[in-house]
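Only one structure is covered here, and it is reproduced in the block below.
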Amino acid sequence: MPKRKAVTNDEPDESDLSPPPQGLLDAVPPSSITLAPDDLLIKEAPRKRRKVKQSNDGRSDKEEVVPARKRRTEKSQIKVELAVEVEVEGEGEGEGKGEGEVEVVDTVKVKTKRKSKVDKERELVEMPLAARTVGHKLIIGAHVSAAGGVHKAIPNSVHIGANAFALFLKSQRKWENPPLLDTHTTAFHAHCKTHSYDQTNHIVPHGSYLVNLAHTDKTRTAQAYAAFLDDLKRCERLGISLYNFHPGNDQNNDRPKALAHLASNLNRAHAETKTVITLLETMAHGGNTLGSTFADLRSIIDLVHDKSRVGVCIDICHIFAAGYDLRSPSAFRETMDEFDRVVGFKYLKAMHLNDSKAPLGSFKDLHANIGTGFIGLRGFRHIANEPRLAGIPWVLETPIEVRDADGVVVKDKKGKVLEDRGIWAREIKLVEGLVGMDTEGEAFGGLEDELARRGGPERARLLEQIERVKEKKEKMKKGKRKGARRKGEEDEGGGRSGESSPLSDLGDEVSV
Ligand SMILES: [Zn+2]
Ligand SMILES: [Zn+2]
């Protein structure tokens with residue numbers, strides 16, 4: 001690997017392998033992980049203070065803005081925090097140099113020695129943002145970064161107190177990727193053993209966004225299939241049993257053909273591998289996106305020969321956006337019963353745990369922090385207490401950007417959005433705490449109200465956007481009737497049609 005200049009650790013490291021939220025290490029002390037409303041989820045933007053950072057190669061000091069965290073002034077606390085924040089990335093594994101020395105000149109100046117990646121990894125494990133809950137019936141984690149290699153996902157998962165996790169096995173944005181290294185594979189197995197992650201039930205890699213196994217074009221199919229099969233083989237080398245992917249799109253307005261094509265690719269892939277179970281993810285978009293109805297999933301499963309090799313990953317945000325309600329006890333039961341009737345719980349192997357910034361039936365894929373979206377904390381209380389959903393890995397894919405009191409994202413001087421992985425640590429504890437929680441009690445009511453309040457600006461923004469798009473659509477319809485429709489304005493990208501297309505030009509959507 002070529003030597004790199006020392007960089008600050010808030011720069012992404014091999015970002016192709018990072019999950020959608022990427023960023024700096026966080027050092028929120030474990031003591032802040034409580035169920036008190038003030039400590040949950042999106043913390044208001046902290047007061048900023050400056051610190052001076054000095055790299056050990058004698059170059060000039062760098063200055064950057066860092067969150068003030070809680071206003072603790074004990075020097076020991078500051079030392080610990082700064083030790084994490086100012087660490088400078090080493091230039092290779094095994095280049096261990098001992099602990100970075102931190103000398104607190106005053107509360108804002110600090111000198112440090114470079115830390116190796118090994119030290120960095122050890123700190124993630126030894127100074128977690130929250131301790132992992134032992135013996136809980138829910139197995140909850142997040143989609144963590146695998147920047148630097150798949151084995152890096154494990155310390156990142158321990159760091160947030162997760163008992164399950166998702167990761168990308170290679171870049172989700174590139175077709176060509178280097179092979180899985182033996183050293184990474186060995187480290188992955190060793191880390192799983194050390195930290196008691198069961199590779200058959202705690203880890204659910206996420207497939208590439210580029211792959212569309214339903215594409216019937218020959219060349220495109222070959223490319224997608226090769227990338228997919230390569231991922232499954234990586235899973236098997238890593239001892240991983242579950243693999244989650246997006247079912248894809250129907251490109252030719254022939255849904256049955258697309259579903260059959262997808263199933264035939266799955267059958268091929270199953271024949272070329274031995275153990276890994278391929279999980280169809282439920283999707284938010286309607287139109288020609290496959291997997292937005294339970295019936296789609298059933299159709300695919302029906303066509304898969306080896307039923308022991310196919311399963312489903314329910315994304316809570318996606319099914320809600322696709323029209324399956326989860327909010328009232330009766331609506332939740334109805335949705336669960338429908339899933340059981342159409343698909344069957346025996347196929348449910350994993351869940352993505354996300355609230356939704358967009359309302360029911362909006363066909364929008366916009367993840368919100370738990371309790372802050374249109375599903376709300378009550379919906380997640382139903383989920384946490386549903387026995388048919390327990391015992392499988394639940395993975396948070398919620399936003400971790402820091403927002404201020406008005407819900408506006410906080411950026412550093414360079415314009416980079418600040419991230420806080422403590423959000424995941426707190427959400428894991430939040431959801432674990434919902435088991436058996438009395439919805440009539442004061443604790444629940446307080447949490448519910450506070451989280452709903454924090455998500456208010458984003459929900460209002462989305463409703464406004466949706467309203468604007470509807471109006472635009474109405475105008476276009478009128479214009480169309482007059483023969484004045486602008487050419488090419490609709491169906492851009494050939495990806496969507498039907499109900500979902502009116503909203504598809506909302507700019508901030510990312511499908512995950
Ligand atoms: Zn999504
Ligand atoms: Zn996904």
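Structure data summary
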| item | result |
| --- | --- |
| Out of 262, 279, 232, 266, sole residue that is in a helix (DSSP H, G or I), closer than 18 Å to residue 311 by Cβ, within 21 Å of the chain's Cα centre (by Cα) and in the same structural domain as residue 316 (by TED's automatic domain parsing) | 232 |
| Any pair with Cβ under 6 angstrom, 6 or more apart, that starts in the stretch 343-360 at a residue that is of a type in the set (Asp, Glu) and ends at one that is more than 15 Å from ligand 1 (Cβ to nearest atom) | 355/372 |
| Count - residues of the stretch 287-321 that are under 21 Å from residue 512 (Cβ atoms), more than 14 Å from ligand 1 (Cβ to nearest atom) and not β-branched (Val, Ile, Thr) | 7 |
| Hits in the stretch 235-259 (condition: within 16 Å of ligand 1 (Cβ to nearest atom) and either not assigned by TED's automatic domain parsing to the domain that holds residue 350 or not in a loop (DSSP other than H, G, I, E, B) (or both)) | 244, 245, 249 |
| Test result for residue 314, under 30 Å from residue 456 (Cβ atoms), assigned by TED's automatic domain parsing to the domain that holds residue 140 and part of a strand (DSSP E or B) | yes |
| Residue within the stretch 323-341 that is within 16 Å of ligand 2 (Cβ to nearest atom), in contact with a strand residue (DSSP E or B) (Cβ under 8 Å, 6 or more places away or on another chain) and not small (Gly, Ala, Ser) present | no |
| Flag if residue 308 is away from ligand 2 (no atom under 16 Å from the Cβ), among the hydroxyl-bearing types (Ser, Thr, Tyr), touching a Pro at 6+ places or on another chain (Cβ under 9 Å) and farther than 30 Å from residue 378 by Cα | no |
| Selection status of residue 424, in the same structural domain as residue 352 (by TED's automatic domain parsing), under 23 Å from residue 243 (Cα atoms) and part of a helix (DSSP H, G or I) | yes |
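Per-residue answers, yes or no, for (1) within 16 Å of ligand 2 (Cβ to nearest atom); (2) touching a strand residue (DSSP E or B) at 6+ places or on another chain (Cβ under 9 Å); (3) over 13 Å from residue 368 (Cα atoms); (4) not in a loop (DSSP other than H, G, I, E, B):
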| residue | (1), (2), (3), (4) |
| --- | --- |
| 380 | no, yes, no, yes |
| 383 | no, yes, yes, yes |
| 391 | no, yes, yes, no |
| 413 | no, yes, yes, no |
| 431 | no, yes, yes, yes |
| 437 | no, no, yes, no |
| 446 | no, no, yes, yes |
| 449 | no, no, yes, yes |
| 454 | no, yes, no, yes |
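Table: residues versus (1) more than 29 Å from residue 396 (Cβ to Cβ); (2) among the aliphatic types (A, V, I, L, M).
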| position | (1), (2) |
| --- | --- |
| 244 | no, no |
| 264 | yes, no |
| 267 | yes, no |
| 271 | yes, yes |
| 276 | no, yes |
| 279 | no, yes |
| 282 | no, no |
| 288 | no, no |
| 324 | no, no |
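Residue-wise test of (1) crowded, with 16+ Cβ neighbours inside 10 Å; (2) over 20 Å from the mean Cα position of the chain (by Cα); (3) farther than 20 Å from residue 281 by Cα; (4) among the polar types (S, T, N, Q).
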| residue | (1), (2), (3), (4) |
| --- | --- |
| 321 | yes, no, no, no |
| 329 | no, yes, yes, no |
| 333 | no, yes, yes, no |
| 382 | yes, yes, yes, no |
| 390 | no, no, no, no |
| 395 | yes, no, no, no |
| 419 | yes, no, yes, no |
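The values are calculated or read from the model by the stated rules, or taken from the named source; none is laboratory data. This structure is a prediction, so every number in the text was calculated from the model and none was measured. So basically every Cβ, Gly included, is an ideal-geometry build from the backbone, and we count neighbours across all protein chains shown.
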